[in-house]
1. Looking at segment 68-85, can you tell me whether even one residue there is free of Cβ contacts under 8 Å to residues at least 24 places away in the same chain, surrounded by 13 or more Cβ atoms within 10 Å (Cβ to Cβ), closer than 20 Å to Ile113 by Cβ and touching a Leu at 6+ places or on another chain (Cβ under 7 Å)?
2. Taking only segment 94-143 into account, find how many residues are assigned by TED's automatic domain parsing to the domain that holds Leu162, crowded, with 24+ Cβ neighbours inside 10 Å and among the acidic types (Asp, Glu).
3. Select from segment 129-168 the residues that are in contact with a helix residue (DSSP H, G or I) (Cβ under 8 Å, 6 or more places away or on another chain), outside any helix (DSSP H, G or I) and of a type outside the set (Lys, Arg) and list them in ascending order.
4. Quick check, is Asp84 modelled with pLDDT of 95 or more, in contact with a Gly (Cβ under 9 Å, 6 or more places away or on another chain) and either within 17 Å of Asp147 (Cβ to Cβ) or not basic (Lys, Arg) (or both)?
5. Scan segment 169-190 residue by residue and report those that are loosely packed, with under 11 Cβ neighbours inside 10 Å and under 24 Å from the mean Cα position of the chain (by Cα).
Amino acid sequence: MMKKVLFLAFLSLAVLTACQRIEERKLYAVPAEVDHSKKLDDAQSPYYNGLIEEYRAILSGDPNNFAALVALGNAYYDSGRWHDAITMYEHALHIDPSNADVRTDMGTAYRYINMPDRALAEYRIALAHEPDHLNARYNMGIVLAKDKKNYPAAIRIWEELLKREPNFPNADAIRSSIAAMRKGIQKGTR
């Protein structure tokens, strides 16, 4: 009986942690100043390995536990295991296909495996489900600017983001990027 109570307490904590991480990630899935393009080495990621094992254990007993699927996807994402993250996010999206947070994170994982078109498709789906999803707009602008070199489209997306949320956490960096892109376009370099 005590083991069951402890397991339920752990499960509740895991679910709450996953839900909190989803909220925290809404605006910070791909901060401009962080490079997630390389996997972390084992010395940097022992925390993730433990989390991964914990979430796998939960899923072995409940393979459709949405919070555990998302949390495992996030642990894979944060440790640079993009393909594994995508697999977990896809499974979670079979349960809740309209979850814009999960779809946005999956789009960013696709970006990191050099699939920018698929990333853009995921961001568009996220925005179709939740038009005010700022992180999807932010990441779409990054892919359009950095990967696709479509500066006019990136400017439009980011201007729409700033119109919706002028105090977005990366607003100053976005404004600087827009100004630089406009300047490059005017000079004919972009």
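The values are calculated or read from the model by the stated rules, or taken from the named source; none is laboratory data. Every value quoted in this text rests on a predicted model; they were computed, and no experiment measured them. Don't worry about glycine lacking a Cβ; one is built from the backbone with ideal geometry, like all the others, and counts go over all protein chains shown.
1. yes
2. Matching residues across segment 94-143 total 1.
3. Across segment 129-168, the qualifying residues are Glu130, Asp132, His133, Asn150, Glu165, Phe168.
4. Taking the combined requirement at face value, the residue satisfies it.
5. The one that is loosely packed, with under 11 Cβ neighbours inside 10 Å and under 24 Å from the mean Cα position of the chain (by Cα): Asp172.
Table: residues versus (1) in a helix (DSSP H, G or I); (2) within 17 Å of Val143 (Cβ to Cβ); (3) charged (D, E, K, R).
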site	(1), (2), (3)
Ala75	yes, no, no
Gly80	no, no, no
Thr104	yes, yes, no
Gly107	yes, yes, no
Asn114	no, yes, no
Arg118	yes, yes, yes
Ala121	yes, yes, no
Leu127	yes, yes, no
